[in-house]
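Working notes, beginning with the structure itself.
Every read-out reported here was derived from the displayed coordinates using simple, explicitly stated rules and does not represent laboratory data. Because the structure is a prediction, the values reported are computed rather than measured. Cβ: placed from backbone, ideal geometry, glycine included. Neighbour counts: every protein chain shown.
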Amino acid sequence: MADTAMAYLDESGDLGWKLDLPYLNGGSSRHFVIAIAIGMNTSYRRIGKVVDDLHELQNWTSVKEKKWGTIKSDTVRGKFCQLAAKEIATNPEIKVLVAVYHKETAPDFLRSVDVRAMHPDETEADLIKLEMKYKGRAHLVYAMMVAEILADHLPPMDTFTYCPDELNEGHRALDHILTYRLLLQQQRNLTIKRVDRKAPMQRGLDFADMCAGAVFEAYERKDHRYLDVISPYIVIKDFTNIKSVEQSVGNGTPFTYAAAPVTKVA
């Protein structure tokens, strides 16, 4: 049993709900993907080392972090996936969990909307009431996805430390929902700690960002080249549907969803 674990959280896609326009052309992404890169005991150091190796291979000298969205080369993206797959395959103390959400299937109560754009003729008082109705729901979705996949796949341990990216630095919904799901509902004997992003953690966050990006390409753009490389070594939990159906990610690989979202386990 692992005594401790350190997890890096990053995502691909956005938390917007402008679904009437194309993504990146005035509209929001249709999918939202969260990757959780977990290193048991001291193996968390190996997670950032993968990104260091990519920098070295590409002769990147800038200290500025590299993100999936800023790496335009298909070759470099593929190289990261190869490095990540090799590290995960050879190190049983590293796990990558990925949660996927299809926003077009979301019920209204989970949606975050631009109420001022939707209700241009409402009074200021009514607009404030509508904004309060939807406030924070995007972060609630994020927190619930993270808590559910960890509840299913986090092995027993004494202490779990996690570092969220800047998207959740100022929001504490994740802290509360993790405590409720893991400690109260599952009654784990576990200490949960949160650490905010600092420079030494950036490579680990970059690793999670790139894993999320590889999965996002398959779901959002039906480009499965990157997912094909890493899919045997990661866990994907899809929160799309609530009834049993079979769908694919664009390459014919079946993903099964049921009343409680099911996982695709390597």
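FRET efficiency for the pair Leu183 and Asp108, taken as 1/(1 + (r/R0)^6) with r the Cβ-Cβ distance and R0 = 22 Å, rounds to 0.15.
For the range 1-97, the set of GluC sites (Glu not before Pro) satisfying both a DSSP loop assignment and a count of at most 16 other C-beta atoms within 10 Å is given as Glu65, Glu93. In order along the range 84-101, phi translates into HN-Hα couplings of 5, 4, 5, 5, 5, 5, 9, 10, x, 8, 10, 10, 10, 10, 10, 10, 10, 9 Hz, rounded to whole numbers, per the Karplus curve 6.51 cos²θ - 1.76 cosθ + 1.60 with θ = phi - 60° and x for Gly and Pro. Here the residues Thr105, Thr240, ranked from fewest to most Cβ neighbours within 10 Å of their Cβ, fall in the order Thr105, Thr240.
Quick one: if the Förster radius is 35 Å, what FRET efficiency do Glu166 and Asn91 give, using the C-beta to C-beta distance and rounding to 0.05?
Efficiency at R0 = 35 Å is approximately 0.80.
Holding the Cα-Cα limit at 21 Å, pick out from Lys79/Lys222; Lys79/Lys193; Lys49/Lys198; Lys64/Lys198; Lys66/Lys198; Lys67/Lys198 the pairs that are longer than that. Flagged as over cut-off: Lys79/Lys193. Put a dot 7 Å past the Cα of Asn59, heading toward its Cβ, do the same for Thr123, and the two dots end up 6.7 nm apart. 3J(HN,Hα) along the range 224-229: 9, 4, 7, 4, 4, 6 Hz, from the Karplus curve 6.51 cos²θ - 1.76 cosθ + 1.60 with θ = phi - 60°, whole Hz, x for Gly and Pro. Distance between the 7 Å Cα→Cβ label points at Thr191 and Thr75: 4.8 nm. The GluC sites (Glu not before Pro) of the range 162-236 that meet both conditions, a loop assignment by DSSP and at most 14 other Cβ atoms within 10 Å of the site Cβ, are Glu169.
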